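Below you'll find the structure, written out as structure tokens, and then a few comments.
The values are calculated or read from the model by the stated rules, or taken from the named source; none is laboratory data. Because the structure is a prediction, the values reported are computed rather than measured. No Cβ is skipped: glycine too gets one built from the backbone with ideal geometry, and neighbour counts run over all protein chains shown. Each accessible area value is taken on the protein alone, full model and side chains, heavy atoms only, with ligands, DNA and RNA left out. Shrake-Rupley method; radii C 1.70, N 1.55, O 1.52, S 1.80 Å.
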Amino acid sequence: EQSRQANVIAAEGDARAADLIGKALDEAGDDLIELRRIEAAEGIANQLSKSRNIVHLPHDPQMLLNIIGGMQ
């Protein structure tokens, strides 16, 4: 009985949290999503910067061709 009551309370809390998140998204629009995207990118960049097994390649394919062409 106590476990069932705890589950009901947890489910009510989850429903309330989902409602609050929905309202926040309605009010903030895409700004909140963009903030979360930036935070996620920051976290990923932080993790990658600590790894010694990562090589950064330029995004521009032309840059790679210039590097390879300059090596010949």
Would you confirm whether any residue within region 1-14 is basic (Lys, Arg), open to solvent by 100 Å² or more (accessible area, probe 1.4 Å) and modelled with pLDDT of 85 or more? yes
Quick one: what pairs do we get from region 31-52, first residue farther than 21 Å from Ile21 by Cβ, second open to solvent by less than 100 Å² (accessible area, probe 1.4 Å) and in a loop (DSSP other than H, G, I, E, B), C-beta under 9 Å, 6+ apart or different chains? Leu48/Ile54
Residue satisfying condition, being surrounded by 10 or more Cβ atoms within 10 Å (Cβ to Cβ) and modelled with pLDDT of 85 or more, within set Ala18, Ala28: Ala18
